[in-house]
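Chemist: Got a structure here, written out as structure tokens. Questions coming.
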Amino acid sequence: MADESMAELPEREAMDYDVVVVGAGPAGLAVAIRLKQLDADISVVVLEKGSEVGAHILSGAVVDPVGLDALLPGWRDEPDTFQRTEVTDDRFLYLTEAKALGLPAFGMPKILSNHGNFIVSLGDVCRWLGAKAEALGVEIYPGFAANEVLFGEDGAVVGVATGDMGVNRDGTPSPNFTRGMELRGKYTIFAEGARGQLSKALIQKFALHEGREPQKYGLGLKELWRVAPEKHKPGLVQHSFGWPLDDRTGGGSFLYHYGDNLVAVGFVVHLNYENPYLSPFEEFQRFKQHPSVRPTLEGGQRLSYGARAITEGGFQSVPKLAFPGGALVGCAAGFVNVPRIKGSHNAVLTGKLAAEHICEALKAGRAHDELSSYEAAWRDGPVGADLRPVRNVKPLWSKYGTRLGVMLGGAAMWAEQLGLKLFGTLPHGKPDYAATKPASECQRIAYPKPDGVVSFDRLSSVFLSNTNHEEHQPVHLRVKDMSLQKSSEHDVYAGLSQRYCPAGVYEWLEEGAEPKYQINAQNCVHCKTCDIKDPNQNIVWVAPEGGGGPNYSGM
Ligand SMILES: Cc1cc2nc3c(=O)[nH]c(=O)nc-3n(C[C@H](O)[C@H](O)[C@H](O)COP(=O)(O)OP(=O)(O)OC[C@H]3O[C@@H](n4cnc5c(N)ncnc54)[C@H](O)[C@@H]3O)c2cc1C
Ligand code: SF4
């Protein structure tokens, strides 16, 4: 809102807690649960921007149960958990346009094995964790986005504020205007997931990225299908790389058979792709036409669609985690193991670890200081042990392309397994937005039309994400400089936002003398790709009114 109108607004009400948690994903919920397990008297509040816990969670997901086993020992024997299917068959494929070449299981480093893992909906896991947290006395407020960090006089973080509700597009209060709330805590924990809005600002403010490699990202697109029973192979996990992406573009697919004839099919494109004509959404649609995929989906029903950024920087990109008054946990810091395509176990483990260090600090009567012991602990614990051996896979892939890079990455993982360090720790180099080349140096890509059987268009896809935003609110995709958007994003990079956005939010309308940038903010599925990939970092994603966004079910 404009500053003059802010001056006339009533004061925000404030509520005090021991610990404030932003985000009810696996990381945030693990923080809350562990704190209450350690001391039931610690007051904990969790804010979640989705309309309910799980509404904004999108993942594969094959889950390594190591996190849940550590947080909630005995969870497997409980009667009402979430639907899960144990992995029974684990395949890796290299795709050419017409063929699928299977990689032999004995060639795979042990760390990639999915033996003992479960196929689940991570959203459902979070719903279950949310109920566990509430039963322990945690206050969870879904439908409330934290959109401002509160600082004390000494510069330490002292809490967050939720956004005002009922603000008109022009920033003036509507008749339904409600002032946001301040939630103040002795410690505030940021568990916003990949490219968290407040986490990004804190990383900048406290220079948490200093001395680390830039964070890297992929865009993951996913559909949930119910397939014909005779095509369902419960427990089958299939990953691929190669076609339809060219050798210079990193990424791959997943196909997980689980539950009641369900298949989760997804595609990840590394966001350091160069060609601005590339469309991750269209690559995903094309991938489903492959002879190793299409027959499974044909005759089935597509139930859901969504997209979300995934962190890919790994070990060398994790920023400093602790700062005065708070810390980052889970994918807000980026704990995904890229070759395993898994991060939820490390989200739970870092949440649990942070909680243990917060509890110690509270017991010692501390508040608003730096949790430096948490910072020191992660690299030497199970999370460090999971990420360290795979740290060179992504840099090798980026540098040498898919065929050679993946082979070298495999060799690096084998070497680590045998106790050898082949490459030291390789850098990632530039951030993803800087990898994009001007359109004049790239080839246009002609994508096939959707067939309406296994491939679809963007708008009918977004419909299946049940995305909804209050339509009169200010646009939550902030373009800092519109003239730069025209002179660079449009003129130099051929309007790449029209292609990278998986929800059709951005359009350049080529009518009249000047093209017009149209932002269909109501379609946004909160994947955060625009905030990551805009070549000038000219688009800033800020949380819309709480409760807005996708309403995923089973994702
Ligand atoms: C396509 C894809 C496939 C994946 N496959 C797997 C897999 O098979 N196995 C695996 O283990 N991992 C997988 N991952 C990674 C895994 O999903 C993440 O590592 C994990 O979800 C991270 O948990 P988190 O709690 O840190 O963040 P998230 O799960 O992203 O949760 C963050 C939560 O915080 C909320 N939030 C964010 N900002 C705010 C705010 N300002 N105010 C209020 N609420 C906010 C969000 O709405 C969300 O609910 C995959 C990821 C993707 C994208
Ligand atoms: S507008 Fe940005 S965050 Fe929203 S769906 Fe498009 S790329 Fe993702």
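Chemist: In what sequence, highest mean first, do 208-216, 268-276, 183-191 appear when ranked by Cβ atoms within 10 angstrom? Don't jump to the answer; show the numbers that get you there.
Modeler: Working: 208-216: 18.2, 268-276: 23.3, 183-191: 27.4.
Per-residue Cβ counts within 10 Å, averaged per peptide and sorted highest first, yield 183-191, 268-276, 208-216.
Chemist: Where the accessible area of the chain is counted over protein heavy atoms with a 1.4 Å probe, how much of it, in %, is carbon and sulfur? All intermediate terms of the calculation are to be shown ahead of the outcome.
Modeler: Working: 11410 of 21750 Å².
On the chain, the fraction of accessible area on carbon and sulfur atoms equals 52 percent.
Chemist: Something else about it: Once you charge only the Cβ atoms, +1 for Lys and Arg and -1 for Asp and Glu, what is the size of the charge dipole of the chain about its Cα centre, to the nearest 20 debye? Each step should come with its number before you reach the end.
Modeler: Working: 55 positive and 66 negative charges, 418 e Å.
So the magnitude is around 2000 debye.
Chemist: Right, here's the next one. Compute the Cα gyration tensor for segment 265-407, then decide on rounded, prolate or oblate, letting a ≥ b ≥ c be the square roots of its eigenvalues: rounded whenever a/c is under 1.5, prolate when a/b is larger than b/c in the other cases, and oblate in all that remain.
Modeler: Working: a/c = 2.75, a/b = 2.01, b/c = 1.36.
It is prolate, given that a/c is not under 1.5 and a/b is the larger ratio.
Chemist: Peptides 397-406, 69-78, 340-349, 509-518: what's the order by average Cβ count within 10 Å, highest mean first? The partial results should precede the final answer.
Modeler: Values: 397-406: 18.0, 69-78: 13.1, 340-349: 27.1, 509-518: 10.6.
The most tightly packed comes first, giving 340-349, 397-406, 69-78, 509-518.
Chemist: Rounded to the nearest 500, what is the chain's calculated 222 nm mean residue ellipticity when only DSSP H runs of at least 4 contribute -39500 (n - 2.57) each, over all residues? Each step should come with its number before you reach the end.
Modeler: Values: 14 runs with 132 residues, N = 555.
Only helices count here, giving -7000 deg cm²/dmol.
Chemist: Listed here are the pairs Lys200/Lys233; Lys200/Lys222; Lys288/Lys399; Lys233/Lys437; Lys200/Lys449; Lys288/Lys480; which of them are more than 31 Å apart at the Cα?
Modeler: Beyond 31 Å between Cα atoms: Lys200/Lys233; Lys233/Lys437; Lys200/Lys449; Lys288/Lys480.
Chemist: Can you run phi through the Karplus equation (6.51, -1.76, 1.60; θ = phi - 60°) for segment 413-428 and list ³J(HN,Hα) in whole Hz, with x for Gly and Pro?
Modeler: 3J(HN,Hα) across segment 413-428, in whole Hz: 5, 4, 4, 4, 4, 8, x, 9, 10, 6, 10, x, 10, 7, x, 8.
Chemist: Once both labels are modelled 7 Å past Cα along the beta-carbon direction, what's the Val540-Arg366 spacing in nm?
Modeler: 3.2 nm
Chemist: How do 488-501, 325-338, 141-154 rank on mean C-beta neighbours within 10 Å, highest first? Could you put the intermediate results ahead of the total?
Modeler: On the way: 488-501: 20.9, 325-338: 28.7, 141-154: 18.6.
The packing order, highest mean first, is 325-338, 488-501, 141-154.
Chemist: While we're looking at this one, here's another question. Can you give me the convex hull volume of the Cα atoms of segment 315-378, divided per residue and expressed in Å³? Could the numbers behind the result be given before it?
Modeler: Working: hull volume 4.3 nm³, N = 64.
It is 67 Å³ per residue.
Chemist: Per the Kirkwood treatment, what hydrodynamic radius in Å, one decimal, follows for segment 358-425 from the mean inverse distance over all distinct Cα pairs?
Modeler: Details: mean 1/r = 0.0700 Å⁻¹.
About 14.3 Å, per the Kirkwood formula over Cα pairs.
Chemist: Would you report the distance distribution of C-alpha pairs in segment 176-278 as whole percents per 5 angstrom bin, up to the bin with the largest distance?
Modeler: Pairs per bin, as whole percents: 2, 9, 12, 13, 12, 12, 13, 10, 9, 5, 2, 0.
Chemist: So, for the chain, what is the accessible surface per residue at a probe of 1.4 Å, expressed in square angstrom?
Modeler: Per residue, the chain has 39 Å² of solvent-accessible surface.
Chemist: Give the cross-link partners of Lys231 among the aspartates and glutamates, using a straight C-alpha distance below 19 Å as the criterion and excluding same-chain residues fewer than 8 apart.
Modeler: Glu86, Asp89, Asp90, Glu223, Asp260, Glu298
Chemist: Could I ask something else about it? Over all directions, the average projected area of the alpha-carbon convex hull for segment 415-457 comes to how many nm²?
Modeler: Numbers: hull surface 28.5 nm².
Projected area, direction-averaged: 7.1 nm².
Chemist: While we're looking at this one, here's another question. Can you give the extra length, in nm with one decimal, that the chain gains between Lys516 and Leu303 once fully stretched, where that is 0.36 nm per residue apart less the Cα-Cα distance?
Modeler: Numbers: separation 213, 0.36 × 213 = 76.68 nm, distance 3.42 nm.
Full-extension gain reported as 73.3 nm.
Chemist: What does the C-alpha gyration tensor say about the overall shape of segment 1-119? Classify as rounded when a/c is under 1.5, otherwise prolate if a/b is larger than b/c, or oblate.
Modeler: Working: a/c = 3.53, a/b = 1.76, b/c = 2.00.
Taking the square roots of the gyration eigenvalues as a ≥ b ≥ c, segment 1-119 is oblate.
Chemist: For the chain, treating each Cα as an identical point scatterer without solvent, what Debye log10 I(q)/I(0) comes out at q = 0.07, 0.13 1/Å?
Modeler: Listed by q, the Debye log ratios stand at -0.38, -1.43.
Chemist: Positive end of the charge dipole of the chain (Lys, Arg +1 and Asp, Glu -1 on Cβ, about the Cα centre): tell me which of Leu101, Ser372, His472 has its Cα farthest that way.
Modeler: Working it through, the farthest residue towards the positive pole turns out to be Leu101.
Chemist: Going toward the positive end of the dipole of segment 508-555, with +1 on Lys and Arg Cβ and -1 on Asp and Glu Cβ, which of Ala543, Ser553, His526 do you reach last?
Modeler: Value computed over the given set: Ser553.
Chemist: Using 10 Å bins from zero, what percent of all Cα-Cα pairs in segment 42-177 falls into each bin?
Modeler: Per 10 Å bin, starting at zero, the Cα-Cα P(r) for segment 42-177 comes out as 9, 25, 26, 20, 14, 6, 0 percent.
Chemist: Taking every pair of Cα atoms in segment 118-193, average 1/r, invert it to obtain the Kirkwood radius, and report Rg/Rh to two decimals.
Modeler: Values: Rg = 16.2 Å, Rh = 15.1 Å.
Over the Cα atoms of segment 118-193, Rg/Rh equals 1.07.
Chemist: Here's another thing I want to ask about it. Let me check something: with ligands and nucleic acids excluded, how do Lys231, Lys205 order by accessible area (1.4 Å probe), largest to smallest?
Modeler: Values: Lys231 60, Lys205 115 Å².
Output order, biggest surface exposure first: Lys205, Lys231.
Chemist: Now for a different question. Apply the a/c threshold of 1.5 to the C-alpha gyration tensor of segment 289-346 and tell me whether it is rounded, prolate or oblate. It would help to have the intermediate numbers written out before the result.
Modeler: Values: a/c = 4.54, a/b = 2.62, b/c = 1.73.
Because a/c hits 1.5 or more and a/b exceeds b/c, segment 289-346 counts as prolate.
Chemist: Towards the positive end of the charge dipole of the chain, with charges on Cβ (+1 Lys, Arg; -1 Asp, Glu), say which of Gly429, Gly163, Gly405 has the farthest Cα.
Modeler: Checking the options against the dipole of the chain, the answer is Gly405.
Chemist: Per the Cauchy relation, a quarter of the hull surface: what is the mean projected area of the convex hull of the alpha carbons in segment 44-114, in nm²? Walk me through the numbers before you get to the answer.
Modeler: Details: hull surface 34.6 nm².
If I average the Cα hull's projected area over directions, I get 8.6 nm².
The values are calculated or read from the model by the stated rules, or taken from the named source; none is laboratory data. Quick caveat, the model's predicted, so the values are computed rather than measured. Every residue, glycine as well, gets a Cβ built from its backbone with ideal geometry; the counts of neighbours run over all protein chains shown. Remember, those area values only see protein heavy atoms, side chains included, never the ligands or the DNA or RNA. Shrake-Rupley method; radii C 1.70, N 1.55, O 1.52, S 1.80 Å.
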